Structures are given as structure tokens and as C-alpha cells.
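The values are calculated or read from the model by the stated rules, or taken from the named source; none is laboratory data. Just so it is clear, the structure is predicted and the values come from calculations on it, not from any experiment. Here Cβ is always computed from backbone atoms with ideal geometry, including for glycine, and neighbour counts include all displayed protein chains.
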Amino acid sequence: MNESDDARSPSPLAGEGARRADEGSAGRSGTDSADPVGNYTSHRSIRPINQARARGLRTEATEPEKALWRLLRDHRLAGTKWRRQVAIGAFIVDFACFEHRVIVECDGSQHAESPCDEKRDAWLRSQNFKIVRFWNHDVIKVRAGVLDTILAECGLPW
């Protein structure tokens with residue numbers, strides 16, 4: 001071993017160097033999220049249980065969630081990019097537009113005045129997200145009104 005070997009930083013292939021390179025990158029992708037303390041981290045550091053749970057929720061979507069996803073996906077709503085059943089910190093939200101910091105929730109009656117939802121919303125608002133909640137019935141029956149409200153929250157014209 002020579003002196004230049006000692007001065008070299010760890011190989012990115014060893015894992016440690018690759019992690020440092022990700023953390024130090026100036027341009028972050030749209031897949032970043034906030035941890036429960038509010039620090040932004042790469043999507044790879046989200047707790048695996050949340051990722052697995054979010055994946056399961058995507059495959060078991062309710063009819064109103066499926067209907068709204070058909071309207072939001074593929075930049076269909078005014079060119080905005082939406083993600084569904086995405087983990088943000090310790091929570092999973094139905095739909096999120098990170099560009100405009102808007103979260104959309106499709107709720108059934110189990111969410112009426114839920115203390116858990118109030119705590120969750122408070123934390124998400126502390127991360128500068130706007131939360132818009134719609135009853136499942138409204139998503140199915142009043143789609144134009146739902147889309148108008150989402151666009152208004154994003155600050156976009158209809």
C-alpha cells in the first residue's frame with residue numbers, strides 16, 4: 001500500500017461513498033421526501049414498511065381513488081405531475097403534487113373529525129403542504145368541482 005491509497009476516499013461501489021455522493025448532490029429529484037423531523041431525505045431512506053404499505057395501497061385503491069387517479073395521472077391535469085399513495089415522512093397520502101406542495105385525500109366516513117387525521121394534517125402543513133380533502137361521493141359525482149378545487153389549490157387557472 002502506498003501513500004496515495006491512504007488519501008483516497010472510499011469507493012462509491014462500497015456503499016458509503018455512494019451514499020455521500022447522493023447526500024451532497026445539489027439537484028434533487030422529485031422523489032425526495034421529508035422525514036418526521038422535517039429534514040429532506042432521498043426516497044431510498046423512507047422506512048421500508050411505509051414503501052411496502054404504499055405499494056399495497058396502490059394495488060387496493062378504492063373506486064373513488066381509481067377515478068381520481070385516471071384524471072390526475074400522466075400530467076393530465078394542467079400538466080401537473082402527481083404521485084399516488086406516496087410516503088411523506090411517517091405518513092402515506094393518497095395523491096401528492098410536490099411541485100405545488102399540494103396533497104389530495106379521498107375520504108370515506110371513517111375520516112370524519114378524526115384526531116389522527118388532524119395530527120397528520122398538522123405535521124404535513126408544517127412541511128408546507130396544502131391538504132385538500134374530498135368525500136368519496138364528491139369525487140364520483142362532482143368531478144368538475146373537485147378538479148376546479150385542486151387547480152385552485154395549485155394556483156393554476158382552469
For this session: Tell me, please, whether a residue that is surrounded by fewer than 16 Cβ atoms within 10 Å (Cβ to Cβ), modelled with pLDDT of 95 or more and out of contact with any Cys (no Cβ under 8 Å at 6 or more places or on another chain) can be found in the range 76-87.
Result: yes
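So which residues in the range 112-154 are under 13 Å from Leu68 (Cβ atoms) and either in contact with a strand residue (DSSP E or B) (Cβ under 7 Å, 6 or more places away or on another chain) or not in a helix (DSSP H, G or I) (or both), if there are any at all?
Step one: list which residues in the range 112-154 are under 13 Å from Leu68 (Cβ atoms), which gives 132-147, 149-150.
Val132, Arg133, Phe134, Trp135, Asn136, Val139, Val142, Val146, Thr149, Ile150 - these are the residues of the range 112-154 that are under 13 Å from Leu68 (Cβ atoms) and either in contact with a strand residue (DSSP E or B) (Cβ under 7 Å, 6 or more places away or on another chain) or not in a helix (DSSP H, G or I) (or both).
For the range 73-80, check the following and say yes or no: at least one residue is in contact (Cβ under 8 Å) with a residue 24 or more places away in the chain, in contact with a helix residue (DSSP H, G or I) (Cβ under 7 Å, 6 or more places away or on another chain) and part of a strand (DSSP E or B). Break it down into steps so the answer makes sense when it comes.
Start the filter on the range 73-80 by keeping residues that are in contact (Cβ under 8 Å) with a residue 24 or more places away in the chain, which leaves 77-78, 80.
Now drop any that are not in contact with a helix residue (DSSP H, G or I) (Cβ under 7 Å, 6 or more places away or on another chain), which leaves 77-78, 80.
If we keep only those that are part of a strand (DSSP E or B) as well, we get none.
Within the range 73-80, not a single residue is in contact (Cβ under 8 Å) with a residue 24 or more places away in the chain, in contact with a helix residue (DSSP H, G or I) (Cβ under 7 Å, 6 or more places away or on another chain) and part of a strand (DSSP E or B).
Given the options Val132, Val142, Val104, Val93, name the one that is surrounded by fewer than 15 Cβ atoms within 10 Å (Cβ to Cβ) and free of Cβ contacts under 8 Å to residues at least 60 places away in the same chain.
Details: Val132 fails: surrounded by fewer than 15 Cβ atoms within 10 Å (Cβ to Cβ); Val104 fails: surrounded by fewer than 15 Cβ atoms within 10 Å (Cβ to Cβ); Val93 fails: surrounded by fewer than 15 Cβ atoms within 10 Å (Cβ to Cβ).
Unique residue meeting the criteria: Val142.
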